[in-house]
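Asker: This is the structure, below, for whatever I ask next.
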């Protein structure tokens, strides 16, 4: 029996968006922490750390999110963890984010002029102190616009996790479409909700980017 | 029949009026220097002549063309008016020869062989015949500017406009560019030059025009104008050591 | 606890892997070529056309860039037939990839076009070139040289995005991975192998694009310099 696309279908789709947002948040926090380490590793004095971090970035950026998801899902199962799919989904999104954020933040750190390193070293600061007091504060400002822009990528890529059964936004749409056979209404709604989440963030990223360049008087 | 006729031209940038009624005529073969302070409107006037800046009122006739807002008529006008910019504006992705050949081939429809011959000819005129295959990047500022002059000459214009073409050059490189311009003048090209090089203007330009606050303040034969400026503004301008 | 990996059963099904790889390559090639062409055309129309065109193109770009590719694909695959358009899964996949990449390329090329200094355009106009001629000879090549690294990244992302087409049962590499996995029950090993194949593809594509970039925009010319400083 084919159902109609009514308000209750709409509500179902809308509420599934909270899982989208939750996944994004978890990926951002976990992936951000990991990404920070990746960025530091990439800019380290030790070649082995640089290679390790660089290798991680190359691998994660060279495989589809879908494959990363399955690797996490089956990898975790193999390691003996019997976890609900949403955990595997969060782990894979975090790993994905760690590589991209690591790369973005590496770029930001390297954008800080070399003269800042020289000046702080001349003042007898240790490397950790240089990072903490001089380099990272400046890198932070530079990193904000692309990081905000990446959040949009993260939100969109959470749609992939629907394949392991997490009922986030895209999967909810699929389910409702299978019941109602109204693809335009259903996926149009889904697209509209994604757009409502992503577009403001995109605009924010753009505005931050403009303000950053104006401030630096490029 | 003057080759350039500027009649009652007013121009605004937003709320700011930059040209407040300019009248000027230039005869064929004349070399006219335009001098004045920054902000006096001299570069703007020059850029109005080939339509890079629109005018709000007034008439401009150049080489038999009436200046109109855009489109084909403006392109026809630009075939007869060449301009050389302060920052040369050579195309970095084309070699010197290709830079010069582009407009004759694309705008005038001249075939490749003829355009190449023409390019070599004008390059020789500016003294850079051996640089046909060079990249603009590898040339000095003075050489780039001479290539820019050659690029405009390849269109066989009736009038050449020079917008402070030596202002961005190191002093030792201005000489070669000025020498090129002097040669052009001797060959009979009609030229309008906005310049700070007063000695050059006095020697090469038959007439000099002093602009002040958007108007032509004083004008006359160059030697007389520089030797005996009439208006206090021009006296002050020349006296303030810009010779 | 020991991990007992068995890659042999997976590699025994390399026929499925190759089939999937072949389809992935085809989808990627069509998607990249179509999307790049569409994007460049739209960036040009946007630059040269009336305000209405610019607004329409901007809407298209914003819509595509702020919604997931998966949802776009589902809309095309399930939506178009309900309008009477007959298309199979592969056709929907290619169409989706082209529309998706087109938006990104439009944006990237637009940025490249806007980075060409106004003085270059003035010089071209002053030489009696028409707006179109200025665009073609003076703006386009330097614009693309400058954004070549960004384009290369985006092309690679689209190649990886072909994996999403498995959602509509296109039997590309990821779908075949699922087939192999259900055949052999060696889930982790299957996905390790497939991940390595994708990684190889990504590195290969990057290498090819770098070579292409060097060929189109040689190091000696001003274009080569533009391409490199963009890194």
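The values are calculated or read from the model by the stated rules, or taken from the named source; none is laboratory data. Keep in mind it's a predicted model, so treat the numbers as computed, not measured. Heads up, the Cβs are rebuilt from the backbone with ideal geometry, glycines too, and the neighbour counts pull from every protein chain shown.
Asker: Counting just the residues of region B:103-115 that are in contact (Cβ under 8 Å) with a residue 24 or more places away in the chain and within 8 Å of chain C (Cβ to nearest Cβ), which one comes out surrounded by the most Cβ atoms within 10 Å (Cβ to Cβ)?
Answerer: Among those residues, the one meeting the criterion is B:103.
Asker: Could you say which residue among C:128, C:161, C:177 is within 10 Å of another protein chain (Cβ to nearest Cβ), more than 19 Å from the chain's Cα centre (by Cα) and in a helix (DSSP H, G or I)?
Answerer: C:177
Asker: So how many residues does region B:48-75 have that are without any contact (Cβ under 8 Å) to a residue 24 or more places away in the chain, crowded, with 16+ Cβ neighbours inside 10 Å and farther than 15 Å from residue B:9 by Cβ?
Answerer: Within region B:48-75, residues that are without any contact (Cβ under 8 Å) to a residue 24 or more places away in the chain, crowded, with 16+ Cβ neighbours inside 10 Å and farther than 15 Å from residue B:9 by Cβ number 2.
Asker: Further, regarding this structure: Limited to region A:1-41, what total is found for residues that are touching a helix residue (DSSP H, G or I) at 6+ places or on another chain (Cβ under 8 Å), surrounded by fewer than 15 Cβ atoms within 10 Å (Cβ to Cβ) and not in a helix (DSSP H, G or I)?
Answerer: Matching residues across region A:1-41 total 3.
Asker: What about residue A:150, is it away from chain C (no Cβ under 11 Å) and surrounded by fewer than 16 Cβ atoms within 10 Å (Cβ to Cβ)?
Answerer: No, not satisfied.
Asker: How many of the residues in region B:227-243 are on the phi > 0 side of the Ramachandran plot and at pLDDT 90 or above?
Answerer: 0
Asker: Looking at C:87, C:33, C:97 in this structure, which one is within 14 Å of another protein chain (Cβ to nearest Cβ) and under 18 Å from residue C:157 (Cα atoms)?
Answerer: Only one candidate qualifies: C:97.
Listed here are the residues, each with its yes/no results for (1) at the interface with chain B (Cβ under 10 Å from one of its Cβ atoms); (2) in a helix (DSSP H, G or I); (3) in contact (Cβ under 8 Å) with a residue 24 or more places away in the chain; (4) farther than 30 Å from residue B:69 by Cα.
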position: C:124; (1), (2), (3), (4): yes, yes, no, no
position: C:136; (1), (2), (3), (4): yes, yes, no, no
position: C:141; (1), (2), (3), (4): yes, yes, yes, no
position: C:145; (1), (2), (3), (4): yes, yes, yes, yes
position: C:193; (1), (2), (3), (4): no, yes, yes, yes
position: C:197; (1), (2), (3), (4): no, yes, yes, yes
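Asker: Turning to a different aspect of this structure: Go through B:110, B:100 for me and flag whichever is touching a helix residue (DSSP H, G or I) at 6+ places or on another chain (Cβ under 9 Å) and assigned to a helix (DSSP H, G or I).
Answerer: Being touching a helix residue (DSSP H, G or I) at 6+ places or on another chain (Cβ under 9 Å) and assigned to a helix (DSSP H, G or I) holds for just one of B:110, B:100, which is B:100.
Asker: I need the full set of residues from region B:126-140 which are surrounded by fewer than 18 Cβ atoms within 10 Å (Cβ to Cβ), more than 14 Å from chain C (Cβ to nearest Cβ) and touching a residue at least 40 places away in the same chain (Cβ under 8 Å), in order please.
Answerer: B:127
Asker: Go through region A:189-207 and count every residue that is crowded, with 17+ Cβ neighbours inside 10 Å and either within 21 Å of the chain's Cα centre (by Cα) or facing chain C (nearest Cβ under 8 Å) (or both).
Answerer: 10
Asker: With respect to residue A:186, is the statement that it is touching a residue at least 24 places away in the same chain (Cβ under 8 Å) and buried (at least 19 other Cβ atoms within 10 Å of the Cβ) true?
Answerer: yes
Asker: Starting from residues that are over 23 Å from residue C:26 (Cβ atoms) and surrounded by 14 or more Cβ atoms within 10 Å (Cβ to Cβ), keep the ones in region C:199-217 and report whichever is nearest to the other protein chains (Cβ to nearest Cβ).
Answerer: Across region C:199-217, the extreme among qualifying residues is C:217.
Asker: On to the next question. Only residues that are surrounded by fewer than 17 Cβ atoms within 10 Å (Cβ to Cβ) and under 16 Å from residue B:146 (Cα atoms): list them for region B:158-208, please.
Answerer: B:167, B:168, B:170, B:171, B:172, B:175, B:179, B:182, B:183
Asker: Are any of the residues in region A:208-218 within 27 Å of residue A:43 (Cβ to Cβ), away from chain C (no Cβ under 13 Å) and under 21 Å from the mean Cα position of the chain (by Cα)?
Answerer: Taking every residue of region A:208-218 in turn, at least one turns out to be within 27 Å of residue A:43 (Cβ to Cβ), away from chain C (no Cβ under 13 Å) and under 21 Å from the mean Cα position of the chain (by Cα).
Asker: Which one of these is in a helix (DSSP H, G or I), free of Cβ contacts under 8 Å to residues at least 60 places away in the same chain and over 13 Å from the mean Cα position of the chain (by Cα): B:234, B:169, B:184?
Answerer: B:234
Asker: Of the conditions (1) over 20 Å from residue B:221 (Cα atoms); (2) crowded, with 20+ Cβ neighbours inside 10 Å, residue B:17 satisfies every one except a single condition; which number is it?
Answerer: (2)
Asker: Within region C:181-191, count every residue that is more than 9 Å from every other protein chain (Cβ to nearest Cβ) and either modelled with pLDDT of 90 or more or loosely packed, with under 14 Cβ neighbours inside 10 Å (or both).
Answerer: 2
Asker: For region A:57-134, which fully contained helices (runs of 4 or more DSSP H) count at least 3 residues that are within 12 Å of another protein chain (Cβ to nearest Cβ) and in contact (Cβ under 8 Å) with a residue 40 or more places away in the chain?
Answerer: Correct list: A:65-78, A:85-111.
Asker: Looking only at region B:51-74, count how many residues are out of contact with any helix residue (DSSP H, G or I) (no Cβ under 9 Å at 6 or more places or on another chain), facing chain C (nearest Cβ under 10 Å) and not in a loop (DSSP other than H, G, I, E, B).
Answerer: Residues that pass the stated criteria total 1.
Asker: Can you find, within region B:75-93, the residue that is farthest from the other protein chains (Cβ to nearest Cβ) among those that are touching a strand residue (DSSP E or B) at 6+ places or on another chain (Cβ under 6 Å) and assigned to a loop (DSSP other than H, G, I, E, B)?
Answerer: B:86
Asker: If you don't mind, another one. Residues to consider are A:166, A:155, A:176; find the one that is away from every other protein chain (no Cβ under 11 Å), surrounded by 20 or more Cβ atoms within 10 Å (Cβ to Cβ) and under 24 Å from residue A:94 (Cα atoms).
Answerer: Step by step, each of A:166, A:155, A:176 is checked, and only A:166 is away from every other protein chain (no Cβ under 11 Å), surrounded by 20 or more Cβ atoms within 10 Å (Cβ to Cβ) and under 24 Å from residue A:94 (Cα atoms).
Asker: Tell me the residue from C:27, C:42 that is over 30 Å from residue C:193 (Cα atoms) and either in contact with a helix residue (DSSP H, G or I) (Cβ under 8 Å, 6 or more places away or on another chain) or outside any helix (DSSP H, G or I) (or both), please.
Answerer: It is C:42.
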